[in-house]
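The values are calculated or read from the model by the stated rules, or taken from the named source; none is laboratory data. Everything quoted here is computed from the prediction, not taken from an experiment. Ideal geometry is used to build each Cβ from the backbone, glycine not excepted, and the neighbour counts take in all protein chains shown. Note: areas computed on protein heavy atoms with side chains; ligands, DNA, RNA excluded. Shrake-Rupley method; radii C 1.70, N 1.55, O 1.52, S 1.80 Å.
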Amino acid sequence: MAKITDVKVVVTCPGRNYVLVKVETDDGLYGWGDATLNGRELAPATLIEEHLAPLLIGMDADRIEDIHQYLSRGSYWRGGPIQMTAIAGIDLALWDIKGKRAGLPVYSLLGGKSREGALAYSHASGRDPQEVEDNVRKLMERGFKVIRVQIAVSGAGLRGTYGVAVEQGLKEVEGLPKAEIWEPAPYLRAVPRLFEHLRSNLPEEIELFHDVHERLTPIEAARLARELEPYHLFFLEDALRPEHQESFRLIRQHTTTPLAMGELYFNKYECLPVITEQLIDFIRCDLGHCGGISEGRKIAAIAEPFAVKTAWHGPGDIGPIVHAANVHLDLFVPNFGVQEMVFFPDQVREVITGGPEFRDGYLHVSDAPGLGTDVDEAKAAQYPYRRAYLPTTRRLDGSVHDW
Ligand code: KDG
Ligand code: MG
């Protein structure tokens, strides 16, 4: 029994906002979790401070599953990104504490390593196919064996495309969100052309794939997945909005391109139809948004007998603590597929220390007890919260589209 004595939230902005959660116990241990929700950071921070922390004081930090059930079902209100992000922040801190108490890394508590390292992917993008190719080659030189590719969609009146680094000046502005202008028709022409170029010019061993970012209708997605079939994608990511789970059936009827989905699913229940009907090949929830390791390991276990692999979300807007949690779970999970990663800027690494290391295409975590991450609170205090938003997308006619 180790009683929780304090739950503290630190919101810091070393380049972008992170919501860090510190849980302390009466035996002198502490653990850190991450409850960052990009563009809505103060919502989970407030939920923890105002509503969850008072419930946790005095509870046994060792009873992670009971705390998870208590916070996610006992509250009556279910799921959703804000609640499940807040719960994830607490969950990760509790796993960190459990590891420290046991003197074991979290992957060992989960059942031990099933592999030596987690196959990792990074992002390449560009304004035209040649620029994407050049950026893919740079990542290959760094050792990547799997690479996500995104291309700008150009045309009269269009502005900004999801995932294109050279256009990122459009993003993350302080004040109000930037509005991108995007159209499906030029996008549906650009992506197959990109893969045709890359597959004709790059070695066949390099695995490539693309993130649609939930922008297509079911029939558009089916068309794209079918047109991309000759290029043997590693997977086609998030082709549909999360509301269209059953429409994956339609895509499946038309193509053998492997499908990945899940960064906008917030609990195991939302994952059920696409997994149990084998409508996808990779489930890619965000451990920082779906309730943490406790929910993620169940999602992985549900997926295993259906031959669905994991590909946990790993962008820069969730901090190194979630990335560490990803890799601890990756090392254990038998049906692991691939892990998204970023190289964090030095400023972030000064505030949040430790975290996975990338070597020759794979991610590794240290054998340090817990998650192997820590927070320099004095450094964090030097970077106060700054309001920021994700961009938004509109069509040429001015109507709202999914970003
Ligand atoms: O905050 C939104 C990002 O996390 C998301 O756009 C990143 O789609 C993403 C990815 O696959 O990394
Ligand atoms: Mg994505």
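Observations on the model:
- Values of log10 I(q)/I(0) for the range 296-403 across q = 0.11, 0.15, 0.16, 0.20 Å⁻¹ run -0.49, -0.79, -0.85, -1.05, by the Debye formula with one identical scatterer at each alpha carbon and no solvent.
- Simple Cβ-charge dipole of the range 278-391, Lys/Arg +1 and Asp/Glu -1, about Cα centre, in debye nearest 20: 300
- Axial C-alpha extent at least 30 Å, average Kyte-Doolittle at least -0.5 - helices from the chain (DSSP): 81-102
- Computed from the Cβ-Cβ distance with R0 of 45 Å, the FRET efficiency linking residue 76 to residue 114 stands at 0.75.
- Counting only the Cα atoms, the range 1-69 fills a convex hull of 83 Å³ per residue.
- Distance (nanometres) between label positions extended 7 Å along Cα→Cβ at residue 360 and residue 193: 4.0
- Relative contact order of the chain, pairs being alpha-carbon contacts under 8 Å that are 6 or more residues apart, as %: 22
- Debye, to nearest 20: dipole size of the chain, +1 on Lys, Arg Cβ, -1 on Asp, Glu Cβ: 440
- Only protein atoms count toward the accessible area here, which uses a 1.4 Å probe; on the range 54-115, the carbon and sulfur part of that area reaches 54 percent.
- Per residue of the chain, the DSSP helices (runs of n ≥ 4 H) give a summed -39500 (n - 2.57) that works out to -10000 deg cm²/dmol at 222 nm.
- Candidate residues 310, 46: accessible-area rank, largest first, probe 1.4 Å: 46, 310
- DSSP finds beta bridges in the chain, and of those with both partners inside it, around 50 percent are antiparallel.
- Translational D in µm²/s for the chain (Stokes-Einstein at 37 °C, 0.692 mPa s, Kirkwood Rh from C-alpha pairs): 153
- Using the Cβ-Cβ distance between residue 66 and residue 256 with R0 = 51 Å, the FRET efficiency computed as 1/(1 + (r/R0)^6) comes to roughly 0.75.
- Mean-position separation - Cα centroids, the range 213-246 and the range 183-197, in angstrom: 13
- Cross-link table 8/309; 178/298; 22/178; 113/309, entries beyond 28 Å C-alpha to C-alpha: 8/309; 178/298; 22/178
- Of 270, 133, 196, the order by accessible heavy-atom surface (1.4 Å probe, DNA, RNA and ligands excluded), from most exposed downward, is 196, 270, 133.
- If you model the range 10-130 as an ellipsoid using its alpha carbon gyration tensor, with each semi-axis the square root of five times an eigenvalue, the axes come out at 28, 22, 14 Å, biggest first.
- Length released on extending from residue 249 to residue 350, taking residue separation times 0.36 nm less the Cα-Cα span: 31.8 nm
- Among 312-322, 233-243, 76-86, sorting by the average number of other beta carbon atoms lying within 10 angstrom of each residue, highest first, gives 312-322, 233-243, 76-86.
- Label point distance in nm, residue 5-residue 154, each placed 7 Å from Cα along Cα→Cβ: 6.1
- The residues packed around residue 182, meaning those with a beta-carbon under 9 Å from its beta-carbon, carry a net charge of +2 if Lys and Arg are +1 and Asp and Glu are -1.
- Rg(Cα)/(2.2 N^0.38 Å) for the range 108-225, N = residue count: 1.24
- Between residue 183 and residue 217, the contour length at 0.36 nm per residue exceeds the Cα-Cα span by 11.0 nm.
- Take residue 383: with every protein chain present and a 1.4 Å probe, its accessible area is about 40 Å².
- A dipole drawn for the chain from +1 and -1 charges on Cβ atoms has a positive end, and of 326, 64, 213 the residue lying farthest that way is 213.
- Extension gain (nm, one decimal) between residue 390 and residue 27, 0.36 nm per residue minus Cα-Cα: 126.6 nm
- Alpha-carbon centroid distance for the pair the range 34-113 / the range 327-365, whole angstrom: 20
- Taking every Cα-Cα distance in the range 194-334 and sorting them into 10 Å bins from zero, the calculated P(r) comes out as 12, 41, 34, 13, 0 percent.
- For a paramagnetic label modelled on residue 201 (point 7 Å from Cα along Cα→Cβ), amide N atoms under 18 Å away belong, within the range 120-146, to 123-142.
- Taking all protein chains together and rolling a 1.4 Å probe, residue 162 ends up with roughly 30 Å² accessible.
- Isolated Cys residues of the chain, judged by Cβ distance under 4.7 Å to other cysteines: 13, 271
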